[in-house]
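Novice: One structure coming up, written as structure tokens, with questions to follow.
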Amino acid sequence: DSGVTQTPKHLITATGQRVTLRCSPRSGDLSVYWYQQSLDQGLQFLIQYYNGEERAKGNILERFSAQQFPDLHSELNLSSLELGDSALYFCASSSRMGNEQFFGPGTRLTVL
Amino acid sequence: QKEVEQDPGPLSVPEGAIVSLNCTYSNSAFQYFMWYRQYSRKGPELLMYTYSSGNKEDGRFTAQVDKSSKYISLFIRDSQPSDSATYLCAMSPYNTDKLIFGTGTRLQVFP
């Protein structure tokens, strides 16, 4: 157990809908990262927050957004969902910049 | 060409064998190198974390980084059936925490 928690474990929804994925980092970790894992693209970095501020952006679609709250938990919002958004979404956390990242168990999103 | 290349396998070995997993990369700015193990439908688990060139050992696992060749390796000694999983290499440059992952190598250790 990495200490990173994610909810929900599974999410099934329809095209065009909006969902929110939640992540709680390890105790004391200030950085939160979101990754998407699909069969054809592998693990792809989406976005990073550090102590409430956006720090880095990867290949994140404009339909996706994230935030980190004062208690350091983070949410990833996915809207206008498409079939191709079906994937595993992972959250990771680290204690400081440049440090190793610990991953949560992931949320499996299925868009029908 | 992808920034990080990794043979997808599968790699099938008998229990007790020494396993060698490798990644090559093209970005000379990469400074931090990691190996993750991922069981089916689970989150990646950090195995090894190294900075710059050299070797690092942790139990049955040894990570090697050769920056001159842009090549990293993970060795698993005395492999066990419980080591059967997908192994992902990951790396990041000095000025960002964004991890770039290889596609993963699927390892099967049979009794």
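Novice: In whole Å, how far is the Cα centre of segment A:74-102 from that of segment B:1-78?
Specialist: After rounding, the separation between the Cα centres reads 23 Å.
Novice: Can you tally the net charge around B:Pro8? Count Lys and Arg as +1, Asp and Glu as -1, for every other residue whose Cβ sits under 15 Å from the Cβ of B:Pro8.
Specialist: Net charge in that neighbourhood comes out at -1.
Novice: Quick check on the protein assembly as shown: what does the Kirkwood estimate of hydrodynamic radius come out to from the alpha carbon pairs, in Å?
Specialist: By the Kirkwood definition, the hydrodynamic radius is 17.9 Å.
Novice: To the nearest whole number, what is the average tally of beta carbon atoms from other chains within 10 Å of the beta carbons of peptide B:34-41?
Specialist: 2
Novice: Right, next: According to a simple spin-label model (label point 7 Å from Cα along Cα-to-Cβ), what is the distance in nm between A:Asp40 and B:Lys56?
Specialist: 3.5
Novice: While we're on this one: Report the net charge of residues surrounding A:Val4, where surrounding means a beta-carbon distance below 13 angstrom and charges are Lys +1, Arg +1, Asp -1, Glu -1.
Specialist: Computed value for this residue: -1.
Novice: Classify segment A:45-84 from the C-alpha gyration tensor, please: rounded if a/c falls under 1.5, else prolate or oblate depending on whether a/b exceeds b/c.
Specialist: Cα axes put segment A:45-84 in the oblate bin.
Novice: Pull up the DSSP beta bridges for chain A and report the antiparallel fraction as a percent, rounded to 5.
Specialist: 90
Novice: Give me the inter-chain shielding for A:33-43: mean count of other chain Cβ atoms within 10 Å, whole number please.
Specialist: So the per-residue partner count for this stretch is 3.
Novice: Still on this structure, I have one more. Using Cα pairs closer than 8 Å and at least 6 residues apart in sequence, work out the relative contact order for segment A:6-65, in percent.
Specialist: 20
Novice: What does the structure give for B:96-106 when I average, per residue, the other chain Cβ atoms found within 10 Å of the residue Cβ?
Specialist: 6
Novice: Report D for segment B:31-111 in µm² per second (integer): Stokes-Einstein, Kirkwood Rh on Cα pairs, 20 °C, 1.002 mPa s.
Specialist: Rounded, D is 162 µm²/s.
Novice: Could you work out the relative contact order of chain A? I mean the mean sequence separation of Cα pairs under 8 Å and 6+ apart, divided by the number of residues, in percent.
Specialist: Across chain A, relative contact order equals 38 percent.
Novice: If you don't mind, another one. When the convex hull of the C-alpha atoms of chain A is computed, what volume per residue in Å³ does it have?
Specialist: Dividing the Cα hull volume of chain A by its residues yields 92 Å³.
Read-outs throughout are calculated quantities, based only on the coordinates presented, and are distinct from any laboratory measurement. Only a predicted model underlies this, so the values are computations on that prediction, with no experimental measurement involved. Positions of Cβ are generated from backbone atoms using ideal geometry, with glycine treated the same way; all protein chains shown enter the neighbour counts.
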